[in-house]
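Taking it in order: structure first as structure tokens, then the write-up.
Please treat every number below as a calculation from the coordinates, not as lab data. Everything numeric in this text was worked out from a predicted model, so none of it was measured. All Cβ positions, glycine included, derive from the backbone under ideal geometry; neighbour counts span all protein chains shown.
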Number of protein chains: 2
Amino acid sequence: MQLLEERILKDGKVRDGNVLKVDNFLNHQMDITLFGEMAREFYRLFQFDNVTKILTIEASGIGIACITAQVFNCPVIFAKKSKTKNIAGDVYTSKVESFTHGGTYDIIVSKEYLKPSDRVLIIDDFLANGSALSGLSSLVKDAGATLIGAGIAIEKAFQSGGDTLRSQGMRIESLAKIKSMENGKVQFCDNSCN
Amino acid sequence: MQLLEERILKDGKVRDGNVLKVDNFLNHQMDITLFGEMAREFYRLFQFDNVTKILTIEASGIGIACITAQVFNCPVIFAKKSKTKNIAGDVYTSKVESFTHGGTYDIIVSKEYLKPSDRVLIIDDFLANGSALSGLSSLVKDAGATLIGAGIAIEKAFQSGGDTLRSQGMRIESLAKIKSMENGKVQFCDNSCN
């Protein structure tokens, strides 16, 4: 998606350890107009899949998921990290590895909100090693719901998460796919990336 | 706001310790159509205040804030809890007491995204003891920005946060104000609440 790629080139900052900082517009300050364009692109890609629910993970996926859900006219559920006293009763749970903070954490979704009849679109801001996406898809599987696929804002295609999950049959649509960030310069995939 | 009050009566569940569970539509599963109506009500209340930025706190404020920002046509910033390696450079920071999880935590906002020229509307899902709202307003003050006020989905008016902050001059508009939740029954404020 050209608009997002241009924005990454303009405002993204490459940091040590293959970190791409996009907190100017994506995951700290959020450009809601841009989110609206991204939502329309996700709709173009998944509009015939009868999505009944959008699933994301706190915190930085929530904004994109909500704006996208407006276009799909469906509710959002966000998987919560770790335990909270405010979720009572039965939950589906899964483990996610955190590369930003180190270690692993549990994500949970209340069983009330994921049903076998649901057709779920996962929305998230980043895909790199694929741990969050894999954890979310496992919640969908545990619920017996149908996973339509995943809509991702930025995929680091030089990390293996996307390829691994695609090879397992998951449909993943990433609006910006980064081939490399060598020497602080972001390069996007052309046809050679996949 | 009648639509929200009706939804609380229909789907809210009162739990021990004055906990109101609204995770069916507000802070786990999110009813984006309802959020749209709430956003329009916030706009009606603050439309003449030249809001340039909406500030919220992760995680459950983000959805309402983003849908509201669409109507105001401005960006959202969400204050992050605790430290993260992905926020580089200078931040404004403040302490918030957590009654759900116990203890206190730091919230941070990058100095890049709150400027003295900003006119800030705080949006959050709950107001009870006022600790989060007080922490957010202190970030705005530290930035030298103008705090327009706060738009809250649900205020527990039987707790002191709202009254205390109003008495300090903060404008707070709560879409549903709960007078009591005794015996598991939610009662809203009439004119007697404030």
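Here is how the numbers come out for the structure above:
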{"item": "19 Å Cα-Cα threshold exceeded, pairs from A:156/A:185; A:81/B:156; A:13/A:185; B:81/B:111; A:95/A:177; B:80/B:111", "result": "A:81/B:156; A:95/A:177"}
{"item": "Per-residue mean of C-beta atoms belonging to partner chains within 10 Å, peptide A:31-41", "result": "3"}
{"item": "Helix-derived mean residue ellipticity, 222 nm - over chain B, DSSP H n ≥ 4, -39500 (n - 2.57), to 500", "result": "-8500 deg cm²/dmol"}
{"item": "Which of B:16, A:106 has the fewest Cβ neighbours within 10 Å, and the rest in rising order", "result": "B:16, A:106"}
{"item": "Cβ-isolated cysteines (cut-off 4.7 Å), the protein assembly as shown", "result": "A:66, A:74, B:66, B:74"}
{"item": "Ranking of A:30, B:38, B:181 by count of other Cβ atoms within 10 Å, fewest first", "result": "B:181, B:38, A:30"}
{"item": "Position residue B:47, label points 7 Å along Cα→Cβ, spacing to each other copy in nm (shortest first, one decimal)", "result": "3.0"}
{"item": "Ascending list, in nanometres, of distances separating the residue A:119 label from those of the other copies (7 Å, Cα toward Cβ)", "result": "4.5"}
{"item": "Order of B:91, A:71 - criterion: other Cβ atoms within 10 Å of each residue's Cβ, fewest first", "result": "A:71, B:91"}
{"item": "Euclidean distance between Cα centres, segment B:93-113 to segment A:119-151, Å", "result": "29 Å"}
{"item": "Other-copy label distances relative to residue A:164, 7 angstrom Cα-Cβ extension, nm", "result": "4.7"}
{"item": "Local electrostatic count, residue A:157, Cβ distance below 14 Å [Lys/Arg +1, Asp/Glu -1]", "result": "-2"}
{"item": "Relative intensity, log₁₀ I(q)/I(0), of chain A from a Debye sum that treats every alpha carbon as a point, q = 0.08, 0.16 Å⁻¹", "result": "-0.24, -1.02"}
{"item": "Neighbouring partner chain Cβ atoms per residue of B:105-114, average, 10 Å criterion", "result": "2"}
{"item": "Debye-sum result for the protein assembly as shown in log10 I(q)/I(0), which assumes one identical scatterer on each alpha carbon, at q = 0.06 Å⁻¹", "result": "-0.22"}
{"item": "Sum of side-chain charges, residue A:132 neighbourhood, beta-carbon under 14 Å (Lys, Arg +1; Asp, Glu -1)", "result": "-2"}
{"item": "Quotient of Cα Rg and 2.2 N^0.38 Å for segment B:134-194, N being how many residues it contains", "result": "1.27"}
{"item": "Filtered chymotrypsin sites (Phe, Trp or Tyr not before Pro), segment B:1-91: DSSP coil and at most 10 other beta carbons within 10 Å", "result": "B:48"}
{"item": "For segment B:1-103: rounded, prolate or oblate by the Cα gyration tensor [a/c cutoff 1.5]", "result": "oblate"}
{"item": "Net +/- balance of residues flanking residue B:8 in space, Cβ distance below 14 Å, scoring K and R +1, D and E -1", "result": "+1"}
{"item": "Exercise: per-residue mean of other protein chain Cβ atoms within 10 Å, A:66-75", "result": "5"}
{"item": "Peptide ranges B:125-133, A:167-175 listed from the most packed, as the mean C-beta count within 10 angstrom indicates", "result": "B:125-133, A:167-175"}
